[in-house]
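Colleague: Once you've had a glance at the structure underneath, I'll fire off some questions.
The values are calculated or read from the model by the stated rules, or taken from the named source; none is laboratory data. Worth saying up front: this structure is predicted, and the values here are computed from it rather than measured. Note that each Cβ is placed from the backbone with ideal geometry, even for glycine, and that neighbours are counted across all protein chains shown.
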Amino acid sequence: MSAVELDLSDQVAIDEENGKERLLVATRQLERKQSVQKWSIRVGFVILWLGSWQYVSAEKLLNPVFIGEPSGIWRSFVGMLGGSVVTTDLRITLFESIIGFLASMIVGIFVAYSFVRFPVLERAFRPIVTAVNSVPRIALIPIFIIWFGFGPMSKIANIVSFVTFTVLLGAIGAFTASDRDHMLLAKVLGFSERERMWKFVVPNAIPALANIFELALIYSFLGAITAEMLGGAQGVGVRLVLFANQYQTNDYFAVLLLIVIVTVAIVQGMRLLLKRFVKWREVEMRGE
């Protein structure tokens, strides 16, 4: 190859590299522009919504006793941050949610793994699982209160009765969605059924399980609050019922705001934690 051809080849490589850099810069600029537009729409909508709500309440177009007012809700929210709603009720609800979540995850994943590992168990128990899962959970709360009282145990039982089936059915789908080529490779390599499960099925299911974890955590928190509202001694749900019965609308919405903030914080924390476990999947999908 002549010197001219070498120089031309080098120039083509440089041009390709510069083209990639320009494309990357243009992509990032487009993403930033879209992000600004997205957040502008969100913030504008929230401001318009809260402004309209405040105006309707302040002008008595609707009775503030029934709809509250954003300024009053914010004052109530700030006032309760150092009070018993956060230090006692929220702490109890979070305790119930975490214990119920962990118990549901352990039971749900163990049963799902057993069903996939031993298909005869799934064929035998799947109709029973479907029948039990069809029972309205809200109808079981009075029974749990009779069995375990008004304390945290009845709330944990309600969470487990609901979230376990969500985890179980989702985990079965995750375990059975294994890559066909991987399964053929495991068969060719002569892996045992146990090795196939732990080296191919379980790792492949982790990204889907991460989404199930997030959903289960949200359901656990909301399940605890629902059970508290129907029968509890302490907790965020009990506060909601108390404020509603006393027509303390601003306080009621302030507790709802607290629930939203805590739920978002929990979900974001879970995503950051799980992202470390599925980072290999992102690298694999990029082909690096």
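Colleague: Answer yes if at least one residue in the range 175-196 is at pLDDT 90 or above, of a type outside the set (Phe, Trp, Tyr) and closer than 21 Å to Ile106 by Cα, and no otherwise. Outline the logic, then answer.
Modeller: Applying the first criterion (at pLDDT 90 or above) to the range 175-196 yields none.
No - not one qualifying residue is present in the range 175-196.
Colleague: Out of Ala139, Ala112, I need the residue that is more than 22 Å from the chain's Cα centre (by Cα) and among the small types (Gly, Ala, Ser). Which one? Please lay out each step first, then the result.
Modeller: Details: Ala112 fails: more than 22 Å from the chain's Cα centre (by Cα).
Among Ala139, Ala112, only Ala139 is more than 22 Å from the chain's Cα centre (by Cα) and among the small types (Gly, Ala, Ser).
Colleague: Residues of the range 73-108 being under 22 Å from Thr226 (Cβ atoms) and among the charged types (D, E, K, R), which ones?
Modeller: Asp89, Arg91, Glu96, listed by residue number.
Colleague: Another one. Can you tell me which residues in the range 48-95 are assigned to a helix (DSSP H, G or I) and among the acidic types (Asp, Glu)?
Modeller: Filtering the range 48-95 for residues assigned to a helix (DSSP H, G or I) gives 48-58, 64-67, 70-80, 84-95.
Listed by number, the list holds a single entry, Asp89.
Colleague: Taking the criterion of being surrounded by fewer than 12 Cβ atoms within 10 Å (Cβ to Cβ), in the same structural domain as Val267 (by TED's automatic domain parsing) and among the basic types (Lys, Arg), would at least one residue in the range 122-133 satisfy it? Break it down stepwise before answering.
Modeller: Let us first name the residues in the range 122-133 that are surrounded by fewer than 12 Cβ atoms within 10 Å (Cβ to Cβ), namely 123-124, 127-128, 130-131.
From the residues that got through so far, the ones that are in the same structural domain as Val267 (by TED's automatic domain parsing) too are 123-124, 127-128, 130-131.
When the remaining residues are screened for being among the basic types (Lys, Arg), the result is 123.
Yes.
Colleague: Here's a follow-up. Restricting to the range 81-135, what's the tally of residues that are among the small types (Gly, Ala, Ser) and in contact with a Gly (Cβ under 6 Å, 6 or more places away or on another chain)?
Modeller: Taking the range 81-135 first, the residues among the small types (Gly, Ala, Ser) are 82-84, 97, 100, 103-104, 108, 112, 114, 124, 131, 134.
If we keep only those that are in contact with a Gly (Cβ under 6 Å, 6 or more places away or on another chain) too, we end up with none.
Total meeting the criteria: 0.
Colleague: Turning to a different aspect of this structure: Can you name the residue in the range 219-241 that is among the β-branched types (Val, Ile, Thr) and in contact with a helix residue (DSSP H, G or I) (Cβ under 6 Å, 6 or more places away or on another chain) and is also farthest from Phe148 (Cα to Cα) among such residues?
Modeller: Our first condition is that a residue be among the β-branched types (Val, Ile, Thr); within the range 219-241, this holds for 225-226, 236, 238, 241.
Filter again for in contact with a helix residue (DSSP H, G or I) (Cβ under 6 Å, 6 or more places away or on another chain), leaving 225, 236, 238, 241.
On the way: Ile225: 17, Val236: 19, Val238: 17, Val241: 21 Å.
Only one residue fits best here, namely Val241.
For (1) touching a Ser or Thr at 6+ places or on another chain (Cβ under 7 Å); (2) at pLDDT 90 or above, each residue gets a yes or a no:
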position	(1), (2)
Arg28	no, no
Gln34	no, no
Arg42	no, no
Glu69	yes, no
Gly72	no, no
Gly100	yes, yes
